[in-house]
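Note sheet for the following structure.
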Amino acid sequence: MRHYFSNIYLGLYTALVGMRITFKQFLRPSVTHQYPYDRSFEQKKNIREIPKGYRGKLHNRIEDCIGCKKCELICPVDCITITTQKLPKGERLWDSMNVVHLKNRTEIVGNIEGDEKPASNTTVAIQTRDEGTVTVSSEEIANIVERKPVIFYLDQFDIDMSLCMYCGLCTEVCPTECLIMYDNLSDGIEYSTFDRTDLIYEFAKPEMYDQPADESTEAEAAD
Amino acid sequence: MPLGLQFENLHQFFVQSSESWAQRFVQDHAPVLTHLPAPLGELVIMLACCVIFVAVVPLLPLGLVLAERKVSAHIQDRVGPMRVGPHGILQTLADGVKLIFKEDHIPREGDKFLFVASPYIIFACSFAVFAAIPFDKSILVSELNIGIFYIMAISSVIVMGVIMAGWASNSKWSLLGAMRSAAQIVSYEIPLGLCILTVVMLVQSLNMQDIVTGQDGIANWLIFRTPFTFVAFFVFFISAIAEVNRTPFDLPEAESELVAGFHTEYSGMRFALFFIAEYANMFAVSAIAATLFLGGWHGIVPAEMLPQAGILGFVLKTITLGGLLGVAIKTLLLVFVMMWLRWTLPRLRVDQLMNLCWKYFIPISFFNILGVGIWGLIFPKDSMLSIIISIAVIILGLIFTFGVLGRSLSKGAEPPPSSAERRISATT
């Protein structure tokens, strides 16, 4: 008999305890982020940054691409398609830019003025494309990717990101380091589309051959 | 002539046609119809009622499904549907449109006729319940002398549709779900009926409008009229949750065990009909609970203490939970409690389900009937003294149970059955 009433009491009581908990939860604000629409959570500190070296979307700085086709060759899934026309022997369009890797794991893209292999304890001036001249001490430099002559017209440089398996081999073989994988959130990750054909990125810019390149490269080409 | 006479008697037994809301409405607003020959005029009135209710009632599930999703989402710290319309208010509509355009699939080996018929039976029965629920003094489709009995009867037919659906699907999940549903609904109909009986004993009438009429003001609500009806309300409400197959009594539709129970094989519009019927049922049982125990369209404050005329009267009536909107608020509160319970309690086992019904609810209901009978003998009908004593007993009882008795009761609980015992009870 005692069991009987105890069961009734406990049935009611435990149900009420549970209902109290769920009602508290009901009144609590929800934790959902309406992600693509509301991105305020990105400012919060507990959201981790995307680490350096993350393999995101591929990008090619087409002006520095020398058309060597190493990336096309090494791609395991054949997602890169390149067609080139070779210039007559001995001619070249311009030189690719230096990529200066600094010891603080950043990199600067630009032409080093003067010697490409700077001596120690000197300052190096780097002529970048967008930010003017940047000077760094040679102690900060980890290594430098040397300039290479561009001897191909690039008619086509297509990367099909729907095929890419993000192995990153193409960026490793690139001699001028113009083929990179973005490692930031907005460029490297959020590029989903509704149409798969929109994932084929065409990097070739035939119009860049029409106008004469700027004076410095012109002068170098004349040498 | 004898046949006609018989019909007249039968008609008077079932329907107080002079009191019908629809007829009064027609007499006030479309007197032309009263000149029609009697059966024809009645037919027109019936059709008008049908059209109004068939147009309005499906809108309830539309809102309730969204409410359920929102409530469940917020209990789980989510936000629920947000895309279709502001805060997802058109989500159910979009789902409905999707279901209409889906393929209507009938199992090849199934019983085609029963398969097609059962959604309509369930749909029609759960909607027919609304015909006898009073939403205001004059808003009632059909004032039946046996209103609550009719509701019990018509809602019992739903189980037939469920079994038809389960059998006709030719699927083990459907059949098991239907069998469980039948066992559950038949079992829980008994405490439900007994709880209604306590109300009927107090009111001395089966007419839904009569049941409401006496409940003017919160002290007169039947839930507070005797301590036994207070208990009966909870037994009624929990049994009603079991009747409409909702968690924690959703064994017939247990997702983790039976896919979806009796409507596993249904798709498209037929599935939508089941879904609408389920939510309409939920609303209906809540409305019945509100009508029987929580004063129906009578508010907290007695009607003579409030101004009746104009917008002010209507607003005051609604605020004190009276009138059409008052019933709606009470009903929706009960519906909310159902949703709240759904996301609080886990599903019962079959043996626990039957234990709860046969060992607890039915004895308690019988005790309630006995108690209400004795209460009626001791106190004269509707005396102020009985109400005061009743409310005092309820409050003292609650304090005693949860304050004093609880401490000793919480220690003496029956230990959970061992696995061997559970196996035995599962096989029997």
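The values are calculated or read from the model by the stated rules, or taken from the named source; none is laboratory data. These figures come from a predicted structure and were not determined experimentally. In this analysis, Cβ positions are derived from the backbone assuming ideal geometry, glycine residues included, and neighbour counts consider all displayed protein chains.
When the residues of the stretch B:284-303 are filtered to those that are in contact with an Asp or Glu (Cβ under 8 Å, 6 or more places away or on another chain) and part of a helix (DSSP H, G or I), which remaining residue is surrounded by the fewest Cβ atoms within 10 Å (Cβ to Cβ)?
B:ALA303
Applying the selection to the stretch B:340-351, what residues are within 10 Å of chain A (Cβ to nearest Cβ) and of a type outside the set (D, E, K, R)?
If the condition is that a residue be within 10 Å of chain A (Cβ to nearest Cβ) and of a type outside the set (D, E, K, R), then B:TRP340, B:LEU341, B:TRP343, B:THR344, B:LEU345, B:PRO346 are the ones that fit.
Show the residue pairs meeting these rules: Cβ distance below 9 Å; 6+ apart or different chains; first residue within the stretch A:189-206 and farther than 11 Å from A:SER162 by Cβ; second residue surrounded by 12 or more Cβ atoms within 10 Å (Cβ to Cβ) and among the β-branched types (Val, Ile, Thr).
Final answer for the pair search is A:ILE189/A:ILE50; A:GLU202/A:ILE159; A:PHE203/A:ILE62; A:PHE203/A:ILE159; A:ALA204/A:ILE62; A:ALA204/A:ILE82; A:ALA204/A:THR83; A:LYS205/A:ILE62.
Looking at A:PRO76, A:PRO36, A:PRO51 in this structure, which one is modelled with pLDDT of 85 or more, over 30 Å from B:ILE362 (Cβ atoms) and either within 14 Å of chain B (Cβ to nearest Cβ) or surrounded by fewer than 17 Cβ atoms within 10 Å (Cβ to Cβ) (or both)?
The match here is A:PRO76.
Looking at this structure, is B:ILE89 outside the structural domain of B:ILE329 (by TED's automatic domain parsing), in contact with a Leu (Cβ under 9 Å, 6 or more places away or on another chain), under 26 Å from B:THR318 (Cα atoms) and not hydroxyl-bearing (Ser, Thr, Tyr)?
Answer is yes for this residue.
With the condition kept exactly as written, say whether any residue in the stretch B:77-97 is under 30 Å from A:ILE21 (Cβ atoms), out of contact with any helix residue (DSSP H, G or I) (no Cβ under 6 Å at 6 or more places or on another chain), surrounded by fewer than 16 Cβ atoms within 10 Å (Cβ to Cβ) and touching a residue at least 24 places away in the same chain (Cβ under 8 Å).
Within the stretch B:77-97 (the criterion being under 30 Å from A:ILE21 (Cβ atoms), out of contact with any helix residue (DSSP H, G or I) (no Cβ under 6 Å at 6 or more places or on another chain), surrounded by fewer than 16 Cβ atoms within 10 Å (Cβ to Cβ) and touching a residue at least 24 places away in the same chain (Cβ under 8 Å)), the answer is no, since none of the residues qualifies.
Is it the case that the stretch B:356-368 has a residue that's in a helix (DSSP H, G or I), within 14 Å of another protein chain (Cβ to nearest Cβ), more than 30 Å from B:TYR279 (Cα to Cα) and at pLDDT 85 or above?
yes
Could you pull out every one of the helices (runs of 4 or more DSSP H) wholly within the stretch B:201-281 that has 2 or more residues that are farther than 27 Å from B:GLY373 by Cα and of a type outside the set (Gly, Ala, Ser)?
Result: B:255-258.
Identify the residue in the stretch A:103-152 that is at pLDDT below 75 and in contact with a strand residue (DSSP E or B) (Cβ under 7 Å, 6 or more places away or on another chain) and, among all such residues, is surrounded by the fewest Cβ atoms within 10 Å (Cβ to Cβ).
A:GLU116
Among the residues in the stretch A:18-32, are any facing chain B (nearest Cβ under 8 Å), surrounded by 10 or more Cβ atoms within 10 Å (Cβ to Cβ) and in contact with a Gly (Cβ under 7 Å, 6 or more places away or on another chain)?
Within the stretch A:18-32 (the criterion being facing chain B (nearest Cβ under 8 Å), surrounded by 10 or more Cβ atoms within 10 Å (Cβ to Cβ) and in contact with a Gly (Cβ under 7 Å, 6 or more places away or on another chain)), the answer is no, since none of the residues qualifies.
Quick test for you: out of B:LEU324, B:LEU332, pick the one residue that is under 20 Å from B:PHE237 (Cα atoms), in contact (Cβ under 8 Å) with a residue 12 or more places away in the chain, assigned to a helix (DSSP H, G or I) and away from every other protein chain (no Cβ under 11 Å).
Within the list B:LEU324, B:LEU332, the selection yields B:LEU332.
Could you tell me which numbered condition A:GLU63 fails, if it satisfies all but one of (1) more than 11 Å from chain B (Cβ to nearest Cβ); (2) assigned to a loop (DSSP other than H, G, I, E, B)?
So the condition that A:GLU63 fails would be (2).
Working carefully through the options B:LEU43, B:LEU64, find the one that is touching a Phe, Trp or Tyr at 6+ places or on another chain (Cβ under 6 Å), part of a helix (DSSP H, G or I) and outside the structural domain of B:VAL285 (by TED's automatic domain parsing).
B:LEU64 is the lone residue from the list that is touching a Phe, Trp or Tyr at 6+ places or on another chain (Cβ under 6 Å), part of a helix (DSSP H, G or I) and outside the structural domain of B:VAL285 (by TED's automatic domain parsing).
Inside the stretch B:372-428, counting only helices (runs of 4 or more DSSP H) that do not spill past its ends, which hold 1 or more residues that are at pLDDT 80 or above and within 11 Å of chain A (Cβ to nearest Cβ)?
So the answer is B:384-399.
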